Amino acid sequence: MRTQLTVEKTQPSFKVDLDLALMALLDWSGLEPTIQRLERKRAEGLNRRFLSVSMSTPAEFYNSLPPISKAYGTMCLVATTAFHLGLFPPMYTALIYELVFKHFQVWRLVTNFFFLGKFSINFGIRLLMIARYGVQLEKGVFERRTADFLWMMIFGALTLLVLSAIPLLWTPFLGVSLVFMLLYVWSREFPNAQINLYGLVQLKAFYFPWAMLALDVIFGSQILPDLLGIVAGHLYYFLTVLHPLSTGKNILKTPRWVHKLVARFRIGYPTTAPAQPERAAGVAFRGRGYRLNG
């Protein structure tokens, strides 16, 4: 005989979180390894998809990239290539607030995000972060949610602009910070994925941004852009995951105009309604939960 559980709610349809249902029956200590295995399998599946595509021709790999990550990575590559060809000096695109407000050079608020530095190992690593972790986010967590992914990028850029307005935190180019924000959000969504750091150390993805930050300190690179990216990424994760878990309210929903923009230009997967799926309940160190549709 089947037992049916009904919950009275103001909305006609709702989602029942699988974590909540299982935690009511099982001890969390026994459930945690299962959740970790599910998260690892999800991350491994995305890695296999990435590697299978990356072993194809360059044109096939480029065409397989999701729209937002592909567009941003392409603009970063074009900006650095144009600099090396002598088409423009980078300072024409740098974030200089005095020129923005006094001379109305408002393009600097956007163009500074596309310069990742000169062609170098660090440039290649940042571009690879977009092609790997940005793509995994857009194809995995944000699959068929192009507007939500675009809004995450826009929110991150606005946050970085505000932080950079503080004199002690000012940096002329925020591209590295935006890439590091993508890396941080990915590490929170796939915290138990295993990362092999240059073939030397294997660690969980949750610690990956901090390991990259430590490497920048060791190699003498600037750490301020990395720190700004971590702050922006954590603010986004707090407002979209941690705060809704504690209060039940999502105060950072994707605006309607972003959905209209995606639908207008037919970018990725436009949605008819600006609705975001509810985040799963759980601990802060774990990624998204697994839900049953009720």
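The values are calculated or read from the model by the stated rules, or taken from the named source; none is laboratory data. Predicted, not measured: the structure shown is a model, and the values here were computed from it. Because the Cβ atoms are built from the backbone with ideal geometry, glycine has one as well, and the counts that use them run over all protein chains shown. All accessible areas refer to the heavy atoms of the entire protein, side chains included, with ligands and DNA or RNA removed. Shrake-Rupley method; radii C 1.70, N 1.55, O 1.52, S 1.80 Å.
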Exercise. Segment 183-272: which chymotrypsin sites (Phe, Trp or Tyr not before Pro) are DSSP loop and have at most 12 other beta-carbon atoms within 10 angstrom?
Worked result: Tyr198, Phe219, Phe265
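I'd like the carbon and sulfur percentage of the solvent accessible area for segment 54-157, probe radius 1.4 Å, heavy atoms only, ligands and nucleic acids excluded.
On the way: 3660 of 5130 Å².
Carbon with sulfur: 71 percent of the solvent-accessible area.
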Exercise. Semi-axes of the equivalent ellipsoid of segment 114-252: what are they in whole Å, largest first, if each equals the square root of 5 times a C-alpha gyration tensor eigenvalue?
Worked result: 23, 19, 14
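How do His259, His103, His243 stack up against each other in accessible area, from largest to smallest, with a 1.4 angstrom probe? Kindly include the intermediate steps, with their values, before the conclusion.
Details: His259 10, His103 115, His243 40 Å².
Correct descending sequence by accessible area is His103, His243, His259.
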